[in-house]
Amino acid sequence: MFWADRVAKEIIDSGKHEPYWVDDMFTPSGFAHVGSLRGPLVHDMVYRGLVKAGQKSKWTYIMNDFDVIDGLPQELEKDFSQYMGVVLRLVPSPEKGFDNFADYFAKDFQKVLRELGVEAEFLSSFDMYKAGKFNDVIRLALDNSEKILDIYQRVSGSKKREAGWLPLQVICENCGKLGTTRVHDWDGETVAYTCEKAMVKWAEGCGHTGRISPFDGNGKLPWKVDWPAHWKVLGITIEGAGKDHSSAGGSRDIARELCKEVFDYPDPFNIPYEFFLIGGKKMSSSKGLGLKGRDLTKLLPPEVGRFLFTRTDYKKAIEFDPMGTMAIPMLFDEYQKAAESYFSKTGDDLARAFEYSHIGEIMKPPSVRFSVLAQWIQMPNMENEIKKAGAESWADYARIWIEQFAPESEKFLVQDNLPDSARSLSDKQKEYLQKIVDLLPVNDVEEFQTRIYEIARDLDITPKESFGAIYSVLIGKDHGPKAAWFISSLDPEFIKKRFKEAYEAEYDNKVQDANLTRFDNSNIFSIDKELGQKYPSISVGIAVIKGVNIKKTDERLEKEKEELLKTLQSLTTEQLGEYEEVKDYRKLYKEMGVDWHSRRPSPEALLRRIATKKGLYTVNTCVDAYNLVVMKNRISVGAFDYDSIAFPTVIRFAKEGEKILLLGDQEATPYTEKEIAYFDEKGGYNMDFNYRDSQRTAVQLDTKNILLNVDGIFGISPEKVEEVLRQACDKIIEYCGGELSEFGVVTAS
């Protein structure tokens, strides 16, 4: 049974929660993050489940606008810091056109909720207090203050507060703040209070002491008491909260005991829902983690945005990271699959999730996959195809995804000039392009697709080689949109000219590295001729830094590492596989006969630790410094003890019988003859191009001179290798000192 139907049935079968009044709350102190949507959408679906089960139900959503400002979005800190501790409703709006601070943020969130089909009635906590609806529960709380303290201590284990504590704060008559007042006496009609200067860290009181009636909006209950008080005031019978509130000894347990012992009110049905996570982290507006709620309705159609929440049982966390990943296309794919289940009347949970995701009339979604649509919107003259697929309503969302969220691998911009990658086509690939030109212009795209497959077959080249030639020449990548449609969307004369350029071009390394800083000292390093012939794209950056002072740690370096980790906190293992540099290293590993799942190229291995939340090693200031460069660029850097190396060095294929004692190992590991490694006169000092290094040449705290190398292959150009080498040298010298004595790039030619 679908989870919302199951919860509704459980509520009905219990016989304890009539009339069915569903409720949830939100504090409008800033723009709601997308994780804040889970609560109202879970409650909305439970409400719908009750209605679908034929039950008369009510659904309210309370804006806790009687809360105070105890933190501010960064952009408002300068202008609104004076209002810290003031009730949200009593602070001016950040923008014109809104009644107050709370109104500004509440209306923004209400708009998002309405767009997502939330059918709740919106209520104001401030208005209810002002109208006197909380007067009775305030009296109950003040009369039972000792009992409330006992409940706090018994349920949560919190220490008993100072004598005279009362569960209320009032608005100071002198400065207008509520968050800084302490109520310390209750005579049955009025309370005495002090606006304390240092009661909280985030606001300063004025020191005023007075006596005031706690009723009609003068005072507010603390939130752990305020929550169950709302239930009694309104008659709420169903309300859940995030699982953190429902843990043992948490605020939900306290609320239950307050209902029983203070307010004499039955505990509402609880729905302890899991978090919404991005990159494995819970959303937090104050920490800047995650998208704003308003962003979700810009990047997803309302029904797909709602489906993101309906498809997952409330007891399971929702993992969604749209930045640089395929999460959005995958969500659209699942939505289309759910539509198929619904319209084929399978009656399964996926079909029900599709039904619950809809607002108004249930319509069939477009049939074209979102990832294909994202390709179409990058091609000219594809309006008819988009219209034919009925995908006009999704096209704008595809554009937003490509422009703001898609990984680079999904962006297919036609290059103004012949890409460098097109200069290394094989003779058969060039012949393939010549034969395609003979088929232009395209009249029937389906027939054209068949013909370009047949040409590849006749030339005895694989689809990867044939279509890779097309993409390489047009967009500088080895993959792209469906080839026939891509070509047919472009000007035939442009295709003829570009393909002619490609099959007439010779691979000229001088074109690629005309401005390259060349390294010509073969007494230090060279690329083996056999290796260069096999891999003409290989390039290696070489540098020597002398007179370094390496330390175990450096406080500034540790801070820089922390800053980098923050920028990578949403990284996923799936995203790693989308990086072009990682693909290039994996491709080489495959050709070497190495399983990259077990021997990860060094940039991938570092980033994978971050993606799996394992953090970074601290080795020393040299290794940690260049690892920052590796992670930023996703290109390998290696550093070796210059004085432990028997020069000259060379990168070459390993030979039968050669072995290497790797860092951290007790026994030597044999090479295979396909493996590429760096060697000196004593043997290999690394393995698999950039997998691991030897113990013999490892950089230690007493190392004084360093040999650096940067590894380039396939799409990692010599220019990029030089750029990364420069960054690595600068970073090492910044934290270890020393002087640069050798620098440059060696290419296979």
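The values are calculated or read from the model by the stated rules, or taken from the named source; none is laboratory data. If you're wondering where the values come from, they're calculated on a predicted model, not measured in any experiment. We place every Cβ from the backbone using ideal geometry, glycine too, and count neighbours over all the protein chains shown. Only protein heavy atoms, including side chains, enter the accessible area calculation; ligands, DNA and RNA are left aside. Shrake-Rupley method; radii C 1.70, N 1.55, O 1.52, S 1.80 Å.
Residues in the range 604-622 that are within 18 Å of Glu563 (Cβ to Cβ) and crowded, with 17+ Cβ neighbours inside 10 Å: Leu606, Leu607, Ile610, Ala611, Leu616, Thr621. Within the range 15-27, residues that are surrounded by fewer than 21 Cβ atoms within 10 Å (Cβ to Cβ) have Cβ atoms under 8 Å from residues that are of a type in the set (Lys, Arg) and in a loop (DSSP other than H, G, I, E, B) in these pairs: Pro19/Lys56, counting only partners at least 6 apart in sequence or on another chain.
No other residue among Ala338, Ala395, Ala351, Ala389 is of a type in the set (A, V, I, L, M), more than 22 Å from Val42 (Cβ to Cβ) and at pLDDT 95 or above apart from Ala395. Scanning the range 558-584 for residues that are outside any helix (DSSP H, G or I) and in contact with a helix residue (DSSP H, G or I) (Cβ under 9 Å, 6 or more places away or on another chain) gives Leu568, Gln569, Leu571, Thr572, Gly577, Glu578, Tyr579.
Kindly indicate the residue of the range 500-536 that is modelled with pLDDT of 90 or more and among the small types (Gly, Ala, Ser) and also most open to solvent (accessible area, probe 1.4 Å) among those meeting that condition. Filtering first and then ranking leaves Ser522. For the range 350-388, filtering for residues that are in contact with a Ser or Thr (Cβ under 9 Å, 6 or more places away or on another chain) and either assigned to a helix (DSSP H, G or I) or among the β-branched types (Val, Ile, Thr) (or both) leaves 9. The conditions of being more than 20 Å from Glu383 (Cα to Cα) and either touching a residue at least 40 places away in the same chain (Cβ under 8 Å) or open to solvent by less than 50 Å² (accessible area, probe 1.4 Å) (or both) are not met by Ile487.
Would you mind stating whether Asn709 is in contact with a Gly (Cβ under 7 Å, 6 or more places away or on another chain), in a loop (DSSP other than H, G, I, E, B), surrounded by 18 or more Cβ atoms within 10 Å (Cβ to Cβ) and in contact (Cβ under 8 Å) with a residue 12 or more places away in the chain?
Details: in contact with a Gly (Cβ under 7 Å, 6 or more places away or on another chain): yes; in a loop (DSSP other than H, G, I, E, B): no; surrounded by 18 or more Cβ atoms within 10 Å (Cβ to Cβ): yes; in contact (Cβ under 8 Å) with a residue 12 or more places away in the chain: yes.
It is false that Asn709 is in contact with a Gly (Cβ under 7 Å, 6 or more places away or on another chain), in a loop (DSSP other than H, G, I, E, B), surrounded by 18 or more Cβ atoms within 10 Å (Cβ to Cβ) and in contact (Cβ under 8 Å) with a residue 12 or more places away in the chain.
Is at least one residue of the range 68-78 within 33 Å of the chain's Cα centre (by Cα), over 21 Å from Lys201 (Cα atoms) and not charged (D, E, K, R)?
So in the range 68-78, the residues within 33 Å of the chain's Cα centre (by Cα) come out as 68-78.
If we keep only those that are over 21 Å from Lys201 (Cα atoms) as well, we get none.
No: the range 68-78 contains no residue that is within 33 Å of the chain's Cα centre (by Cα), over 21 Å from Lys201 (Cα atoms) and not charged (D, E, K, R).
Any chance you could count how many residues in the range 534-557 are in a helix (DSSP H, G or I) and acidic (Asp, Glu)? Of the residues in the range 534-557, 1 are in a helix (DSSP H, G or I) and acidic (Asp, Glu).
From Leu149, Leu142, grab the single residue that is at pLDDT 90 or above, over 20 Å from Arg252 (Cα atoms) and of a type in the set (A, V, I, L, M).
Details: Leu149 fails: over 20 Å from Arg252 (Cα atoms).
That would be Leu142, the only listed residue that is at pLDDT 90 or above, over 20 Å from Arg252 (Cα atoms) and of a type in the set (A, V, I, L, M).
Mind checking which residues of the range 569-600 are of a type outside the set (Gly, Ala, Ser) and open to solvent by less than 30 Å² (accessible area, probe 1.4 Å)? Reasoning before the result, please.
Residues of the range 569-600 that are of a type outside the set (Gly, Ala, Ser), as a first pass: 569, 571-576, 578-592, 594-597, 599-600.
Passing the criteria: Leu571, Thr572, Gln575, Leu576, Val582, Asp584, Tyr585, Leu588, Tyr589, Met592, Val594.
Any residue at all in the range 227-248 that's open to solvent by 10 Å² or more (accessible area, probe 1.4 Å) and in contact with a Cys (Cβ under 6 Å, 6 or more places away or on another chain)? No; the residues of the range 227-248 include none that is open to solvent by 10 Å² or more (accessible area, probe 1.4 Å) and in contact with a Cys (Cβ under 6 Å, 6 or more places away or on another chain).
Scan the range 416-439 residue by residue and report those that are open to solvent by less than 70 Å² (accessible area, probe 1.4 Å), assigned to a loop (DSSP other than H, G, I, E, B), out of contact with any Ser or Thr (no Cβ under 9 Å at 6 or more places or on another chain) and not hydroxyl-bearing (Ser, Thr, Tyr). Once the filter is applied, which keeps residues that are open to solvent by less than 70 Å² (accessible area, probe 1.4 Å), assigned to a loop (DSSP other than H, G, I, E, B), out of contact with any Ser or Thr (no Cβ under 9 Å at 6 or more places or on another chain) and not hydroxyl-bearing (Ser, Thr, Tyr), the range 416-439 yields Leu418, Leu439.
Quick test for you: out of Lys632, Lys674, pick the one residue that is in contact with a Leu (Cβ under 8 Å, 6 or more places away or on another chain), surrounded by fewer than 17 Cβ atoms within 10 Å (Cβ to Cβ) and either in contact (Cβ under 8 Å) with a residue 40 or more places away in the chain or assigned to a helix (DSSP H, G or I) (or both).
Numbers: Lys674 fails: in contact with a Leu (Cβ under 8 Å, 6 or more places away or on another chain).
Among Lys632, Lys674, only Lys632 is in contact with a Leu (Cβ under 8 Å, 6 or more places away or on another chain), surrounded by fewer than 17 Cβ atoms within 10 Å (Cβ to Cβ) and either in contact (Cβ under 8 Å) with a residue 40 or more places away in the chain or assigned to a helix (DSSP H, G or I) (or both).
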